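The structure appears right after this line, and notes come after that.
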Amino acid sequence: MITTLTDIKEPKTLGSLAALLSKFTARTDVIFGKMLLKESTPLLVAFVENAAAFLMLFFYIGAKSFIRNIRHIEKHELISITISAILSGGLGPLFFLQGLNHTTAINTSLLVNVNPLFLSVLGVIILKESFTKSLISGLSIMSLGILVLSTKGFSEGFTFNNGDYLIILSALSYSVGTLVFKKYVHNHNITLLVAYRSTMATLLTGALLFWISPEEIANIGHLANQVHILILYGIVGIILTYILHYYALENTSIANNALFSLTSPIIGVTYAYIFLNEQITMIHIVSMGIILVGLLVTKLDMLKNALMITRLKLKHLHN
């Protein structure tokens, strides 16, 4: 409970701006993903995009500097960060791309927002946090929104396809990775952590590619006409997104981050409509509205803390 100004982490304007911008860059994944999957498999795209990010970051950081800084991370931290990198950098994007290949960008933009649902539940299980009334209410409302989407407004039976399930599975991978990572984000250089994440993701997807589909390596040349998309995806969708995201975690309040997360489904659906010409139906609008209300309700406790901060500041200024 916040009771004094010393308990408050002062959010920075740049931190809040980074939190908002990260939502715009993150949801470009539905655009770039759909474009790349027209000619490539999800596994190859996941490998190439991570490898591109890996090479760009190594060029920026330098191999010697990277290795020297990694050696200074304690073993137990490195194990945890590695697990986080594999889940959120390797398996999460792979499940996401595989799911995106078998469902619409609009469905993807809506279903990926079960991430806060998983974060809340796993936070209770793993971090021993408490269920609150607002959390239970918000999760119930979000579940209703997903149910409306999956049943087309209760006019049909349960109609989720394999792609939708994979998007949900990717959200679970991201959530577990985020919970593990969150503990260490304040202890190390952001760019170093992003570079390490890209390294682990490249090794994982590369190993899977050689094991499952080695013939794809021989045919990698067919991606030449998509290299501009890959570069943009690597810079905007991966590197810029994660640097903005981690900077926001360090430099703005949890309440601010929570509020900005409400823009994610709106941005994704808008991108799908503008860039991919997907049609937004009334079911999509209703589902999105319900999910947004659910997201907002889950953040009520954080918003109450934000209100408490404002009151304390006003009281401090008055005195």
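Per-structure values
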| read-out | value |
| --- | --- |
| Residues satisfying the stated conditions in region 1-34, i.e. in a loop (DSSP other than H, G, I, E, B) and either surrounded by 20 or more Cβ atoms within 10 Å (Cβ to Cβ) or modelled with pLDDT of 85 or more (or both) | Arg27, Thr28 |
| Selected residue (only one of Asn107, Asn113, Asn101, Asn69 is under 20 Å from Ile280 (Cα atoms) and at pLDDT below 80) | Asn113 |
| Number of the exception - Gly90 against (1) at pLDDT 80 or above; (2) not in a helix (DSSP H, G or I) | (2) |
| Qualifying residue in region 243-260 (condition: more than 15 Å from the chain's Cα centre (by Cα), modelled with pLDDT under 75 and within 19 Å of Ser88 (Cβ to Cβ)) | yes |
| Test: residue in region 289-310 that is within 21 Å of the chain's Cα centre (by Cα), farther than 18 Å from Leu179 by Cα and at pLDDT below 70 | no |
| Test: Thr263 is under 20 Å from Ala248 (Cα atoms) and modelled with pLDDT of 75 or more | yes |
| Qualifying position, being surrounded by fewer than 19 Cβ atoms within 10 Å (Cβ to Cβ), part of a helix (DSSP H, G or I) and of a type outside the set (D, E, K, R), among Ser80, Ser84, Ser109 | Ser80 |
| Residue tally, condition not in a helix (DSSP H, G or I) and not small (Gly, Ala, Ser), over region 45-77 | 3 |
| Members of region 208-244 that are more than 14 Å from Pro42 (Cα to Cα) and among the small types (Gly, Ala, Ser) | Ala218, Gly221, Ala224, Gly234, Gly237 |
| Test result for Phe96, among the hydrophobic types (A, V, I, L, M, F, W, C), out of contact with any Leu (no Cβ under 9 Å at 6 or more places or on another chain) and closer than 24 Å to Ile231 by Cβ | no |
| Answer residue from region 196-206, given it is closer than 13 Å to Val48 by Cβ and not hydroxyl-bearing (Ser, Thr, Tyr) and is surrounded by the fewest Cβ atoms within 10 Å (Cβ to Cβ) among those | Gly206 |
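Condition check ((1) buried (at least 17 other Cβ atoms within 10 Å of the Cβ); (2) under 21 Å from the mean Cα position of the chain (by Cα); (3) modelled with pLDDT under 80) across all residues:
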residue	(1), (2), (3)
Val148	yes, no, no
Ser175	yes, yes, no
Lys182	no, yes, yes
Leu208	no, no, no
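The values are calculated or read from the model by the stated rules, or taken from the named source; none is laboratory data. These numbers come from a predicted model, not from an experiment. Cβ sites come from the backbone with ideal geometry, for glycine too, and all protein chains shown count toward neighbours.
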